[in-house]
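Below is one structure, written out as structure tokens; comments come after it.
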Amino acid sequence: MTKLAGIFFACISMVAFAQEPVQKPDVPVEKWTKKTIMLIGAHADDDALSHGTLALLQAHGNQVYVVTLTTGNVGTQDPKLSRTQLAEIRRKEELAALAELGIPGEHYINLGYDDGLLEFEDRKAVVENLVRWIRKLRPDVLMAWDPGKNYQRWHKSDHRAAAYLSADAARAAMWRLLFEGQITQEGLHEYMVPEYLLYNDYDHNDENTWVDISDYVEKKVNAFSHYASQYGPGWKNYNPNPSEVDIKQMKDYARDHIQMKNGEPVEGFRYYKGLPDALGK
Ligand SMILES: [Zn+2]
């Protein structure tokens, strides 16, 4: 590279950098109040990644809703459970977990898709379904699986599908002429989600916002202990009444997986504010 080309490249890089500042909420998440928060997940327990934050938001006078796309009717290694039984168990566990966080049962919405096959559903129908809920709830903040900032992120299939379906629904919800029957016949209105907290279960590189969950660790741990069909011995041999030892094992697992930053327990997110079109920028 010539010296002139080098200077040119440096200038271009600086312009590119200047156009993409790291986003941060104007008001720290710990101080949010009176907001409507909508979390979209693929399975009952996807929201567990954010349980400390959801407990905090609920305690601070926000309205928290959890929308789960699938019934979770596949994820077991217990040969005795049927799909119908598992779906019922997962619903019960999720309601118990949310109750620990103070989130009322009527704020849990399950859209009833089959576990493990979300990306093979009719995408238009799923997006339409999510758009309807976005237009109904009109969330100030949408929480969802992070589809990735700099490149397409690989998630396991339902999480990958949920990431893109959520982003696509957020984008579609703002256009009056998309799914316009919801507006002309159902009394809903187009809506643009202004802020996002995007979560991720193993790659923390894109995170720009960490919520201090120090006061909500116990609620997070207690909520997690209700997922007896997904963790601990119940994954292979479900017991509706797990022993004290089994419950302790699940609580220890939850505690061991809490993210730490500067010595404090946190939950990390990629915060984004702006047009949904630029969610990945
Ligand atoms: Zn999941």
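Here are a few things to note about the model shown:
- Note on segment 60-119: among residues that are aliphatic (A, V, I, L, M) and over 25 Å from Pro139 (Cβ atoms), the one that is farthest from the chain's Cα centre (by Cα) is Leu81.
- Residues (open to solvent by less than 30 Å² (accessible area, probe 1.4 Å) and either of a type outside the set (A, V, I, L, M) or not in a strand (DSSP E or B) (or both)) located in segment 101-112: Leu101, Ile103, His107, Tyr108
- Here Ser225 qualifies as touching a Lys or Arg at 6+ places or on another chain (Cβ under 7 Å), among the polar types (S, T, N, Q) and modelled with pLDDT of 95 or more.
- Within the option set Asn239, Asn262, being over 19 Å from the mean Cα position of the chain (by Cα), of a type in the set (S, T, N, Q) and under 26 Å from Asn205 (Cα atoms) holds for one residue only, Asn262.
- Within segment 162-183, residues that are in contact (Cβ under 8 Å) with a residue 40 or more places away in the chain and more than 20 Å from Glu119 (Cα to Cα) reach partners that are assigned to a helix (DSSP H, G or I) and small (Gly, Ala, Ser) with beta carbons closer than 7 Å, at six or more positions or on different chains, in the pairs Leu178/Ala172; Phe179/Ala172.
- Every pair of residues 6+ apart whose Cβ atoms lie under 6 Å, when the first sits in segment 72-96 and is in contact (Cβ under 8 Å) with a residue 24 or more places away in the chain while the second is open to solvent by less than 30 Å² (accessible area, probe 1.4 Å) and of a type in the set (A, V, I, L, M, F, W, C): Gly72/Ala44; Asn73/Leu86; Asn73/Ala87; Thr76/Leu86; Arg90/Ala44; Glu94/Ala44
- Hits in segment 32-49 (condition: within 16 Å of the ligand (Cβ to nearest atom) and closer than 22 Å to Tyr191 by Cβ): Leu39, Ile40, Gly41, Asp47
- Residue ranges of strands (runs of 3 or more DSSP E) in segment 184-281 with at least 1 members open to solvent by 30 Å² or more (accessible area, probe 1.4 Å): 209-212, 259-261, 264-273
- Some residue of segment 120-138 being within 30 Å of Lys236 (Cα to Cα), touching a Gly at 6+ places or on another chain (Cβ under 8 Å) and within 16 Å of the ligand (Cβ to nearest atom): no
Residue-by-condition table, conditions (1) within 28 Å of Met143 (Cβ to Cβ); (2) assigned to a helix (DSSP H, G or I); (3) modelled with pLDDT under 90:
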position: Met14; (1), (2), (3): no, yes, yes
position: Thr33; (1), (2), (3): yes, no, no
position: Met38; (1), (2), (3): yes, no, no
position: Ala55; (1), (2), (3): yes, yes, no
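- Condition met for Ala59 (open to solvent by less than 10 Å² (accessible area, probe 1.4 Å) and more than 16 Å from the ligand (Cβ to nearest atom)): no
- Here Thr76 meets each of (1) within 13 Å of the ligand (Cβ to nearest atom); (2) among the β-branched types (Val, Ile, Thr); (3) part of a loop (DSSP other than H, G, I, E, B) with one exception, condition (1).
- Applying the condition of being part of a loop (DSSP other than H, G, I, E, B) and of a type in the set (D, E, K, R) to segment 153-183 and asking which residue is nearest to the ligand (Cβ to nearest atom) yields Lys156.
The values are calculated or read from the model by the stated rules, or taken from the named source; none is laboratory data. Computed from a predicted structure; not experimentally measured. Backbone-built Cβ (ideal geometry, glycine too); neighbour counts: all protein chains shown. Ligands, DNA and RNA are excluded from the accessible area calculation, which covers all protein heavy atoms including side chains. Shrake-Rupley method; radii C 1.70, N 1.55, O 1.52, S 1.80 Å.
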